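As structure tokens, the structure follows; a few thoughts come after it.
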Amino acid sequence: MQVPSWCTAGNGFADYLSEFEFIKAFGCTASELGGGFSTVATLVMGGIALGIYVRTGSVALPTVLIMLTGGVVLSTVAAPAVSIATILVLVFGGGIITYVYWRFAR
């Protein structure tokens, strides 16, 4: 993967942060490591969702947040994360519905 043209040669993560260029700091560093902006977006969204989960103790709130912002979030995250998130939502969504039916339909 090539480094984007807007990245300055010789500048590192700390150099970009000291100049308050946050997008360049994360984007250029991730592209040098082979991930690019989509990897950074995946880590940021995962961090936000994990933080909400840890704070509330509920899986429902981060899931609803991702579903509400899905059009924006899914266009920025890495492709493997999209397929994993889709599988998790389908499995856990169907599993919760099945469990609720099994538990309360007796």
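The values are calculated or read from the model by the stated rules, or taken from the named source; none is laboratory data. Remember, predicted model here, so these are calculated numbers, not experimental data. Here the Cβ positions follow ideal geometry from the backbone for every residue, glycine too, while neighbour counts run over all protein chains shown.
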Quiz item: Within segment 42-59, restricting attention to residues that are among the polar types (S, T, N, Q) and loosely packed, with under 14 Cβ neighbours inside 10 Å, which residue is nearest to Ala25 (Cα to Cα)?
Solution: Thr56
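Among residues belonging to segment 1-36 that are polar (S, T, N, Q) and modelled with pLDDT of 70 or more, point out the one that is surrounded by the most Cβ atoms within 10 Å (Cβ to Cβ).
Taking the candidates together, the pick is Asn11.
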Quiz item: Residue check: is Thr39 in a helix (DSSP H, G or I), buried (at least 17 other Cβ atoms within 10 Å of the Cβ), at pLDDT 70 or above and of a type in the set (S, T, N, Q)?
Solution: no
Quiz item: Only one residue in Thr98, Thr76, Thr69, Thr86 is polar (S, T, N, Q) and at pLDDT below 75. Which one?
Solution: Thr76
Quiz item: Quick one: what pairs do we get from segment 64-83, first residue over 15 Å from Leu43 (Cα atoms), second modelled with pLDDT of 70 or more and exposed (fewer than 15 other Cβ atoms within 10 Å of the Cβ), C-beta under 9 Å, 6+ apart or different chains?
Solution: Met67/Val89
